Amino acid sequence: MNILGIETSCDETAAAIVYGKEEKTSGAPSIKVLSNIIYSQINIHREWGGVVPEIAAREHALKIIPVINNALKKAKILPKKIDAIAVTTGPGLITSLSVGVETAKTLSYAWNISITPVNHIEAHIYANFLNTSNKTNYPALALTVSGGHTMLILMKKLGDMKIIGNTRDDAAGEAFDKGAKMMGLKYPGGPEISAYAKKLKSVKKIQLPRPMINSNDFNFSFSGLKTSLRYCLQKDSCWKKNIPEYCHEYQQAIIDVLIHKTIKAAQKFNIKTVMLAGGVIANTELKHQFKKQIKQKLPNIKYKIPDTEYTTDNAAMIGSVGYFKAKNKHFISWQDLKTVN
Ligand code: KG4
Ligand code: ZN
């Protein structure tokens with residue numbers, strides 16, 4: 001099955017073609033990415049220190065058709081060979097989402113192709129099924145960390161998802177973005193903080209809290225960490241010279257909480273596969289420390305992360321969910337397709 005994925009929930013205009021099938025012998029799903037086109041608006045929004053919804057929507061409207069055309073061209077596929085269109089319907093910025101949704105509706109009508117709606121968070125998790133023969137054993141646990149979400153999701157089987165942990169305030173990516181802004185670093189803050197943290201050479205003195213690390217649930221909170229950083233910066237007249245150290249400690253505080261809670265949940269629910277998902281997973285230090293700790297503390301568990309190009313927003317992950325939904329004929333008529341927030 002060939003699926004056209006469309007993603008416009010925030011500031012990336014993306015389209016992809018994925019080819020999904022069931023392996024003949026094992027029946028396991030196999031989803032190959034034939035093209036994955038992303039037009040990132042980051043350089044435009046950087047000037048404003050964050051995403052400006054109105055500008056994002058206008059950019060999506062300008063770029064969506066060329067991006068879809070490129071995805072078809074790169075995959076060497078004609079519209080008549082597409083079996084379904086998968087489009088992000090939420091969560092996200094409503095004006096951005098609307099561009100993808102309206103485009104999907106129009107193409108569905110014009111090309112007479114079925115549509116399946118996709119949840120953006122679920123799609124981040126399903127990026128773990130792209131271009132891999134590495135089987136997922138269940139129950140599985142997914143840590144989804146993006147600009148808008150920090151969630152621990154229990155998957156008893158494919159498609160059976162239950163949120164067991166959530167953020168009470170800021171998401172992990174949001175904490176990276178806001179922390180970076182406080183230190184005068186560029187948007188998006190995650191890659192900036194990560195790059196400065198790598199520059200730290202000397203011994204560390206600054207200490208920030210690990211919020212909710214020992215709470216009896218699997219929830220998160222990052223807003224207090226951000227406030228602690230603000231107080232530390234206010235008290236330190238030389239903070240500009242110490243940016244690598246602040247970045248290192250701030251990043252480590254986020255990493256410690258994410259890893260601790262995920263391992264605790266994996267132990268409690270007898271998890272067989274731990275998967276990471278979302279833009280924050282692009283953080284190399286987080287990936288490295290996760291792998292090390294899982295090996296030490298949960299040696300019999302499978303550990304999965306998507307290839308780097310499928311961690312931040314992309315449409316291949318939308319196609320991945322789309323394949324499973326299309327296989328189960330979970331379609332919606334173009335007249336009924338709506339954004340969901
Ligand atoms: O999943 P994503 O691309 O978009 C949303 O669905 O939100 O995630 C974007 C978030 C931003 O907050 C960004 O700062 C963060 O992912 N991010 C990172 C890194 N690369 C992107 N955070 C930490 N380290 C990184 N290397
Ligand atoms: Zn995302």
* Asked: Which value, in Å³ per residue, describes the convex hull spanned by the Cα atoms of the chain?
  -> 133 Å³
* To do: Could you calculate, for the stretch 228-268, the ratio of the Cα radius of gyration to the Kirkwood radius, expressed as Rg to Rh?
  => 1.21
* Residue order, fewest to most beta carbons within 10 Å, for L143, L185 -> L185, L143
* Excluding residues on the same chain fewer than 8 positions from K186, give the aspartates and glutamates whose Cα lies under 20 Å from its Cα. => D11, E12, E47, D170, E174, D177, E245, E249, E285, D313
* Near K24, which lysines are there with a Cα under 19 Å away, not counting those fewer than 8 places off in the same chain? -> K32, K135, K327
* To do: Nearest 5 is fine: what % of DSSP beta bridges in the chain come out antiparallel, could you say?
  => 60 percent
* **FRET E, pair D307, K135, Förster distance 22 Å, beta-carbon r, rounded to 0.05** => 0.85
* First select every other residue whose beta carbon is under 12 angstrom from the beta carbon of T227; then total the charges, Lys and Arg +1, Asp and Glu -1. => +1
* If we count other beta carbons within 10 Å of each Cβ, what is the order of V340, V101, fewest first? -> V340, V101
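So if we plug the beta-carbon distance of K162 and E23 into 1/(1 + (r/R0)^6) with R0 = 25 Å, what FRET efficiency do we get, rounded to 0.05?
Numbers: r = 27 Å, r/R0 = 1.10.
About 0.35, to the nearest 0.05.
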* Asked: How much length, in nm to one decimal, is gained on full extension between K73 and N270, taken as 0.36 nm per residue of separation minus their Cα-Cα distance?
  -> 66.5 nm
* What length, rounded to one decimal in nm, is gained on full extension from H260 through to K291, with 0.36 nm per residue of separation minus their alpha-carbon distance? -> 9.9 nm
* Just flag the trypsin sites (Lys or Arg not before Pro) in the stretch 235-265 sitting in loop per DSSP whose Cβ has no more than 15 other Cβ atoms within 10 Å. => K240, K241
* Nonlocal amide H pairs with F222, under 5 Å, H built at 1.01 Å -> R168, D169, D170
* Structure fact -> Net charge near K135 (other residues with Cβ under 11 Å of its Cβ; Lys, Arg +1; Asp, Glu -1) is +2
* Relative contact order (percent) for the stretch 72-114, with alpha-carbon contacts under 8 angstrom and 6 or more residues of separation? -> 42 percent
* Where does helix 94-111 land angle-wise versus the long Cα axis of the chain, in degrees 0 to 90, nearest 10? -> 20 degrees
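Assuming 0.36 nm per residue, please report the length gained on full extension of the stretch A110 to Q234 beyond their Cα-Cα distance.
Separation in residues times 0.36 nm, less the Cα-Cα distance, equals 38.8 nm.
Read-outs throughout are calculated quantities, based only on the coordinates presented, and are distinct from any laboratory measurement. Here the structure is a predicted model, which is why all the values come from computation and not from measurement. Reconstructed Cβ throughout: ideal geometry from the backbone, glycine too, with neighbour counts over all protein chains shown.
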